[in-house]
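Below you'll find the structure, written out as structure tokens, and then a few comments.
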Amino acid sequence: MTVTSTQARSAETATTVLDAVIIGAGISGMYMLHRLRALGLKARVYEAGTDVGGTWYWNRYPGARVDIESQEYSYSFSEELEREWKWSERYAAQPEILRYLNHVAERFDLRRDMVFNTRIASAHFDEASNTWQVATDTGEQITARFCIAATGCLSVPNEPRFEGQDRFTGPTYHTGRWPHEGVDFTGKRVAVIGTGSSAIQSIPQIAQQASEVYVFQRTPNYSVPAHNGPINPAVTEGWLASREENRQLQKVSRAGFIFSNPGGLLATQTGDNERREVFESRWAQGGFSVQSAFADIGVDPVANAMAAEFAADKIREIVKDPETAEKLVPKGYPFGAKRLCVDTGYYEVFNQDHVHLIDLRETPLTTITETGVETTEAGFEVDAIVFAIGFDAMTGALSKIDITGREGLSLTQAWAEGPKTYLGLMITGFPNFFTITGPGSPSVLSNMIVSIEQHVDWLTDLIGYMTGVGIALIEPTLESQNAWVDHVNEIAGHTLYTQANSWYLGANIPGKPRVFMPYIGGVGAYRELCTAVAANGYMGFKLRRA
Ligand code: NA7
């Protein structure tokens, strides 16, 4: 049974007393609840949506699917769960992932401690009682020892800010807030603004229905084919037969999935023919494996240019009109420095006569009118507009909550120059406040579910330890946080990732500080560090007894 916000309170004015409040019922919040319950803690999840799923609850746009292979993008914590759930496609689509998450919610009876249709409005640390005083937008007051932000890295849509947008008389959609009942574009003229992963996944699907599709591209993205299809039962059986080994490989890997480990070769030290063969075989394999074809792609501009050239050649091969192909070829930033997209028929769709590419670098978008979109050169009459313009990544969800720590320090103040954390898990000045896959952790540079499980497991061990030995509070020292922030920046600076205007850097949101937010040191190395921190008495943290 689902707890409603009204039932959760014994009386209108009463305060709900919990051990832990968890914000968000996505993959992180669900697993965090499961683990805290097993510790015997009274934990409850608050979720703005009407049900579980997080990213997969909101992102229902046509073509939405995971870009990590399905069996790798699934919880590992329960062998029974893993053996009973059968994925149907190599890269599961959103409806199947949401069904999976619903199955998990039911199987582990999670909804019993979940409150839906409810946003956390504020969370204030009270120094007198060493508790978090949390308020919802429905008026519920909660007191909890621990406050856990399971708010997701890509959960707050980038708001459209186009001149004239309110004048448009037809429907508009944001890919990150797609209507649950779906949208029928049959016979419609559709504008899609943006060419990131959401656009690249949805455009081929929209084009199947729409009479005309106008794609407004500001920056072309690199995209590699998914080669999606029904999952071969032998693949599933093979995965399960070596389940433990596979799960271990994920944990020590570069990005939390098996093929993320870079090949042993350097592109710059490989002959032309062999290099081409390696790229071709990775392209044939599909997905992110292209990015890890050689160990130097992410760090050496010469090697990177080789990958970029290979990808550009592929675009020119696929797209028949040379002018359109040239517009689709990314220029001016390194291959992979903006998140690589994984597509099904994206470049091919531009070979259809009713799909048109408008290059906003050549002809900037000037205004949206009652009936369409105008650029400096032309007007495009459309029946619907799709904003595929991304998210306020990594910090967006937390910045929407009024969070204050010790001495009334607000998180907005603490992060005025960009997010600062220790290990992406905690923030100095905010005791017992945890961020699952927070900035400063591998998060969006990894298979999210592997990183989520690592954080949840680490936090569960920590909370179990604190409860067991009578520690009331934990918070990172300023020195350890500063050192971590420096380390995160330093290693990002050794890569080519900082050379693109990506959402990793907050560059897509006007006024957002330009800081490389995720930790690029690798999932395996990061896990070792976190384990060592815990093994050394939570090194870098201040622990205080009750
Ligand atoms: P992304 O990857 O942030 O893509 C957003 C796209 O929208 C990108 O092409 C942007 O161009 C474009 N954009 C953003 N604002 C504008 C304006 N004002 N005008 C024109 N074009 C604009 O978001 P997605 O939802 O596609 O993907 C996010 C992640 O979700 C993805 O990486 C996966 O991890 C899943 P820009 O590049 O900024 O010039």
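So residue 232 ticks every box in (1) open to solvent by 60 Å² or more (accessible area, probe 1.4 Å); (2) more than 16 Å from the ligand (Cβ to nearest atom); (3) modelled with pLDDT of 95 or more but one. Which box is left unticked?
(3)
For residues that are within 11 Å of residue 97 (Cβ to Cβ) and either touching a strand residue (DSSP E or B) at 6+ places or on another chain (Cβ under 9 Å) or within 11 Å of the ligand (Cβ to nearest atom) (or both), tally how many sit in the stretch 57-67.
Qualifying residue count, the stretch 57-67: 4.
Condition first: of a type in the set (A, V, I, L, M) and under 30 Å from residue 66 (Cβ atoms). Now tell me which residues in the stretch 80-136 satisfy that. Break it down stepwise before answering.
Looking only at the stretch 80-136, we keep the residues that are of a type in the set (A, V, I, L, M), and these are 81, 92-93, 97-98, 101, 104-105, 110, 114-115, 120-121, 123, 128, 134-135.
Across the stretch 80-136, the qualifying residues are 81, 92, 93, 97, 98, 101, 104, 105, 110, 114, 115, 120.
Looking at the structure I just gave you, is residue 521 among the small types (Gly, Ala, Ser) and more than 25 Å from residue 72 (Cβ to Cβ)? Break it down stepwise before answering.
On the way: among the small types (Gly, Ala, Ser): yes; more than 25 Å from residue 72 (Cβ to Cβ): no.
It is false that residue 521 is among the small types (Gly, Ala, Ser) and more than 25 Å from residue 72 (Cβ to Cβ).
Scanning for something near the ligand (Cβ under 10 Å from one of its atoms), open to solvent by 10 Å² or more (accessible area, probe 1.4 Å) and among the hydrophobic types (A, V, I, L, M, F, W, C), does the stretch 364-374 turn up at least one residue? Can you show your working first?
Initial filter on the stretch 364-374 (near the ligand (Cβ under 10 Å from one of its atoms)): 364-365.
Narrowing the set further to residues that are open to solvent by 10 Å² or more (accessible area, probe 1.4 Å) leaves 364-365.
Those still in the list that are among the hydrophobic types (A, V, I, L, M, F, W, C) too: 365.
Looking for residues that are near the ligand (Cβ under 10 Å from one of its atoms), open to solvent by 10 Å² or more (accessible area, probe 1.4 Å) and among the hydrophobic types (A, V, I, L, M, F, W, C), one finds at least one in the stretch 364-374, hence yes.
Here are 409, 478, 445: which of them is open to solvent by 30 Å² or more (accessible area, probe 1.4 Å), within 16 Å of the ligand (Cβ to nearest atom) and in the same structural domain as residue 42 (by TED's automatic domain parsing)?
Working: 409 fails: within 16 Å of the ligand (Cβ to nearest atom); 478 fails: within 16 Å of the ligand (Cβ to nearest atom).
None of the others qualify; the one that does is 445.
Report every pair of residues separated by at least 6 positions or lying on different chains whose Cβ atoms are under 9 Å apart, first residue within the stretch 154-165 and over 10 Å from residue 390 (Cβ atoms) and assigned to a helix (DSSP H, G or I), second of a type in the set (Val, Ile, Thr) and more than 8 Å from the ligand (Cβ to nearest atom).
165/172; 165/367; 165/368; 165/385
Among the residues in the stretch 248-271, are any open to solvent by less than 20 Å² (accessible area, probe 1.4 Å), away from the ligand (no atom under 16 Å from the Cβ) and in contact (Cβ under 8 Å) with a residue 60 or more places away in the chain? Show your work before the answer.
Within the stretch 248-271, the subset open to solvent by less than 20 Å² (accessible area, probe 1.4 Å) is 250, 253, 255-256, 260, 263, 267, 270.
Narrowing further to those that are away from the ligand (no atom under 16 Å from the Cβ): 250, 253, 263, 267, 270.
Still in the running and in contact (Cβ under 8 Å) with a residue 60 or more places away in the chain: 250, 253.
Yes - at least one qualifying residue is present in the stretch 248-271.
Hey, any hits in the stretch 163-172 for a residue that's away from the ligand (no atom under 16 Å from the Cβ), open to solvent by less than 30 Å² (accessible area, probe 1.4 Å) and either of a type in the set (Gly, Ala, Ser) or under 22 Å from the mean Cα position of the chain (by Cα) (or both)? Show your work before the answer.
Within the stretch 163-172, the first condition is being away from the ligand (no atom under 16 Å from the Cβ), and the residues that meet it are 167, 169-171.
From the residues that got through so far, the ones that are open to solvent by less than 30 Å² (accessible area, probe 1.4 Å) too are 170.
Of the ones still in play, those that are also either of a type in the set (Gly, Ala, Ser) or under 22 Å from the mean Cα position of the chain (by Cα) (or both) are 170.
Yes, the stretch 163-172 has at least one match.
Using beta carbons and a limit of 6 Å, which pairs, at least six apart or on different chains, have the first residue in the stretch 177-206 and at positive phi and the second one surrounded by 19 or more Cβ atoms within 10 Å (Cβ to Cβ)?
Taking only residues 6 or more apart or on different chains, the pairs are 194/388; 194/389.
Between 107, 99, which is under 21 Å from the mean Cα position of the chain (by Cα), of a type in the set (D, E, K, R) and surrounded by fewer than 20 Cβ atoms within 10 Å (Cβ to Cβ)?
Working: 107 fails: under 21 Å from the mean Cα position of the chain (by Cα).
Just a single option satisfies the conditions, and that option is 99.
Need the failing condition index for residue 32 against (1) in a helix (DSSP H, G or I); (2) open to solvent by 10 Å² or more (accessible area, probe 1.4 Å); (3) more than 24 Å from residue 230 (Cα to Cα), just the number.
Here residue 32 clears every test but (2).
Any chance you could count how many residues in the stretch 68-95 are assigned to a helix (DSSP H, G or I) and either within 18 Å of the chain's Cα centre (by Cα) or within 16 Å of the ligand (Cβ to nearest atom) (or both)?
Narrowing the stretch 68-95 to residues assigned to a helix (DSSP H, G or I): 79-84, 94-95.
Still in the list and also either within 18 Å of the chain's Cα centre (by Cα) or within 16 Å of the ligand (Cβ to nearest atom) (or both): 94-95.
Adding up the residues that qualify gives 2.
Can you tell me which residue is farthest from residue 71 (Cα to Cα) among those in the stretch 174-219 that are part of a loop (DSSP other than H, G, I, E, B) and within 8 Å of the ligand (Cβ to nearest atom)?
So the first thing to find is which residues in the stretch 174-219 are part of a loop (DSSP other than H, G, I, E, B), and the list is 178-188, 194-196, 210-211, 218-219.
Retained after the next criterion (residues that are within 8 Å of the ligand (Cβ to nearest atom)): 194-196, 218-219.
On the way: 194: 30, 195: 27, 196: 25, 218: 34, 219: 32 Å.
Filtering first and then ranking leaves 218.
Given (1) within 16 Å of the ligand (Cβ to nearest atom); (2) among the small types (Gly, Ala, Ser); (3) touching an Asp or Glu at 6+ places or on another chain (Cβ under 9 Å), where does residue 396 come up short, assuming only one miss?
(3)
Give all pairs with beta carbons closer than 7 Å in which a residue from the stretch 131-145 that is in the same structural domain as residue 434 (by TED's automatic domain parsing) meets a residue that is among the charged types (D, E, K, R) and surrounded by fewer than 21 Cβ atoms within 10 Å (Cβ to Cβ); count only pairs at least 6 apart in sequence or on separate chains.
133/126; 136/119; 137/119; 140/9; 144/19; 145/19
The values are calculated or read from the model by the stated rules, or taken from the named source; none is laboratory data. This structure is a prediction, so every number in the text was calculated from the model and none was measured. Methodologically, a virtual Cβ is constructed for each residue, glycine included, from the backbone with ideal geometry; neighbour enumeration extends over all protein chains shown. Each accessible area value is taken on the protein alone, full model and side chains, heavy atoms only, with ligands, DNA and RNA left out. Shrake-Rupley method; radii C 1.70, N 1.55, O 1.52, S 1.80 Å.
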